1. Quick one: Cα centre-to-centre distance for the range 107-140 and the range 11-75, in angstrom?
2. From the phi of every residue in the range 196-204, what ³J(HN,Hα) in whole Hz does the Karplus formula 6.51 cos²θ - 1.76 cosθ + 1.60 yield, where θ is phi - 60° and glycine or proline is x?
3. Got the relative contact order for the chain handy, in percent, Cα pairs under 8 Å and 6 or more residues apart?
4. Which value, in Å to one decimal place, does the Kirkwood hydrodynamic radius take for the chain when every pair of different Cα atoms is included?
5. Sorted by mean Cβ packing within 10 Å, highest first, what order do the peptides 146-157, 196-207, 27-38 take?
6. Cα to Cα, under 13 Å, and not fewer than 8 places away if on the same chain: which aspartates and glutamates meet these conditions relative to Lys151?
7. In sequence order, what are the phi-derived ³J(HN,Hα) couplings for the range 225-234 according to the Karplus relation 6.51 cos²θ - 1.76 cosθ + 1.60 with θ = phi - 60°, rounded to whole Hz, with x for glycine and proline?
8. Take the Cα atoms of the range 1-131, build their convex hull, and give its volume per residue in Å³.
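Just so it is clear, none of the values below were taken in a lab; they were calculated from the coordinates. Computed from a predicted structure; not experimentally measured. Here Cβ is always computed from backbone atoms with ideal geometry, including for glycine, and neighbour counts include all displayed protein chains.
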Amino acid sequence: MQSSPAPLPFGSDDLRLPDALREPLVAHLNDLRQRYLERNWAGRVGFGQRPALVVIDLARYWTEPGAAAISSRLDSVIEATLQVLAAARQARIPIFFTTWDYDPDAPPSPHDRKLNLGEGPVDERMFELDERLARRPGEKLIRKRYASCFKGTNFHEMLTGLAVDTLIVTGVSTSHCVYATCRDACDSFRVIVPEQAVGERCELLHRVNLLDIDIDLGDVVPVPEVVNRLVSHAAAR
């Protein structure tokens, strides 16, 4: 993974890096990666034999700009995810989606103080998947209360029951739910992150956490490489 200094096609405009900072920051991140490589970090886990795909939180609450304070422009992330999703369906691998398990009656936690969602209940329909994903029968929807797809769910049991050895992770947000899921997955599964199919509202947090994932948790690779591997997987079935 080598970061590009080009502006990201997704996110919130008010959370973009200033143009004057982007090029030196990206150069520094690329230099950091090289220094970690020299310390024998950032090895490749590679693809296994039995992959599964998870699409994290591409629901209306996050994908419709202006729908909520934490939503942002994510069209490019959805388009890249759709490429991976089409290849995964062709390969007939297990596919999972996640969304927030919204419950206005859930007792508050200390973490709730970190993000004020406003007064009054939220329209539950906002946590429905973005219609562009066109979820199909047999593609499991996991409703979760935490950042990681594994915490408080039976996701791990479902994957191991299917003998999955590789988890392809797409969706949002890079610094929160994507990162937390990769962190929990990496001790049991090979983690593959299609670079253009993950994103979030803040450019700086996206770039830093994507690098951290690639150094320590899994392989961040271009979407076409993931698609090609899935096409090969389909051909071998």
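1. 21 Å
2. Karplus-based 3J(HN,Hα) across the range 196-204 equals 7, 9, 10, x, 6, 7, 10, 5, 4 Hz.
3. On the way: 395 pairs, mean separation 69.1, N = 237.
Relative contact order here is 29 percent.
4. Working: mean 1/r = 0.0545 Å⁻¹.
One decimal place: 18.3 Å for the Kirkwood radius.
5. On the way: 146-157: 17.4, 196-207: 23.0, 27-38: 13.2.
Top of the packing list down: 196-207, 146-157, 27-38.
6. The reachable aspartates and glutamates, counting only those whose Cα sits under 13 Å from Lys151, are Asp101, Asp184.
7. 5, 5, 4, 4, 5, 5, 4, 5, 4, 5
8. Working: hull volume 23.8 nm³, N = 131.
Hull volume normalised by residue count: 182 Å³.
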